[in-house]
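Any read-out appearing in this document is the output of simple, stated calculations on the displayed coordinates, not a laboratory observation. Since the structure is predicted, the reported quantities are computational estimates derived from the model, not experimental observations. Every residue, glycine among them, receives a Cβ derived from its backbone with ideal geometry; neighbour counts consider all protein chains shown.
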Amino acid sequence: MNLDEARQLANVNERAQRLFEDGYRIRSLDGNLHLIRKQHGATYTLDRAEKSCTCPFFTKNSGRYSCKHFLGFKKLVLSQRFHLATLSARWEAEEQAATIEQVFLSASRVLSARLEVPLCLS
């Protein structure tokens, strides 16, 4: 390996660590076959069993070196799962807050009607 190749591989390793932040998402087709897609970009097929990827870097290097998709696979999966879990938790919290607010407003209306006092919420 020459100096240019070493620099290129270092660059690939660095880029592999930020796939999620760069807009890549993953969809599993089965246990070993996955689609990796960049937002508004190309989609590549990653085969973990065959240790291959359909991206130009992997194809150009005839599989001699791993591409960023292969190197960053695990981190991308974990980042995507964490992101989805965070969104789910946030949505659930917002839904609970909305439900509590609805219960409060309903109880306030009932109480206001029983006391014959105008409901003032501002």
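Does LEU29 satisfy the criteria of being surrounded by 10 or more Cβ atoms within 10 Å (Cβ to Cβ), of a type in the set (A, V, I, L, M, F, W, C) and out of contact with any Asp or Glu (no Cβ under 8 Å at 6 or more places or on another chain)?
In short, yes.
Is at least one residue of segment 14-24 assigned to a strand (DSSP E or B) and either in contact (Cβ under 8 Å) with a residue 60 or more places away in the chain or not acidic (Asp, Glu) (or both)? Reasoning before the result, please.
At the first step, the residues of segment 14-24 found to be assigned to a strand (DSSP E or B) are 24.
From the residues that got through so far, the ones that are either in contact (Cβ under 8 Å) with a residue 60 or more places away in the chain or not acidic (Asp, Glu) (or both) too are 24.
Yes, some residue in segment 14-24 is assigned to a strand (DSSP E or B) and either in contact (Cβ under 8 Å) with a residue 60 or more places away in the chain or not acidic (Asp, Glu) (or both).
Would you mind finding the one in LEU35, LEU9, LEU46 that is surrounded by fewer than 16 Cβ atoms within 10 Å (Cβ to Cβ) and in a strand (DSSP E or B)? Walk me through it before giving the result.
Working: LEU9 fails: in a strand (DSSP E or B); LEU46 fails: surrounded by fewer than 16 Cβ atoms within 10 Å (Cβ to Cβ).
LEU35 is the lone residue from the list that is surrounded by fewer than 16 Cβ atoms within 10 Å (Cβ to Cβ) and in a strand (DSSP E or B).
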